[in-house]
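We did not get these values from a lab; they are worked out from the coordinates using the rules stated. Everything numeric here is computed off the predicted structure, so don't read it as measured data. Cβ coordinates were reconstructed from backbone atoms using ideal geometry, including for glycine residues, and neighbour counts include every protein chain displayed.
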Amino acid sequence: MILNSESIKYCLFSILFLCLSCNDKNSKISKNYNFFIDSGYGEITGENVISQRANIYPNVIDFKFDEKFVIVKQVPNKEKYRISLGRGLYNIYLLYSYALIDGSLDHFKNSDSIIYSDFKLKGATINNEIEDIGIGQQIADSIIDNDSFYKKIFSNDNNYWIIHIPNDSLIGPMNKLEFESTSKKLRISTDLELD
């Protein structure tokens, strides 16, 4: 049997869906976002695997949402974060690889081609083998250690985030005072309160 890139994409999304379905707890937050707990650690992920831009990796300890906003409290766990980020980056690598085959790169960003290049230079394949997962975690380690966005995540004991659902945008990480100020500016309902 010969698999074309559409079949491979379908299989990849099916496997991803099954993996998410097998976790300890799954919750649909909105049309585009899910909360799941895996081995006791919570994450919020976007439905669009390519996006990966509005994911909040472990450990999400509380969240509330309405039709416009998702507010989140996170206690970052570097090891679990590294695993989740590595997995997400590897998914981008896979999708970019298939898009190269199809010639359908229109919806990718320049940063996706950089991720693809990093994986290729390190010898990654599209076979989802242990070595490929390890490469994803190596790249995640480098990003976490060197990128100011990730350094800020791990400089706080608690982070607060806001996902603006209509714009599919992520605001954060913030400390509690920044979060309260931003919530007021955005006129987030006082019914949404984190523990």
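At-a-glance table
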quantity: Overall form of region 60-100 per C-alpha gyration tensor (a/c, 1.5; a/b vs b/c); calculated: oblate
quantity: Greater than 26 Å apart at Cα, pairs in LYS73/LYS120; LYS31/LYS152; LYS109/LYS152; LYS64/LYS184; calculated: LYS73/LYS120; LYS31/LYS152
quantity: ³J(HN,Hα) computed for each position of region 155-166 - Karplus, 6.51 cos²θ - 1.76 cosθ + 1.60, integer Hz, glycine/proline x; calculated: 8, 10, 6, 10, 10, 10, 9, 10, 9, 8, 4, x
quantity: Cβ crowding within 10 Å averaged over residues, with 163-173, 80-90 ranked highest first; calculated: 80-90, 163-173
quantity: Alpha-carbon centroids, region 100-120 and region 175-193: separation in whole Å; calculated: 36 Å
quantity: Estimated dipole of region 119-195 in Debye, rounded to 20 [Cβ of Lys and Arg +1, of Asp and Glu -1, Cα centre]; calculated: 380 debye
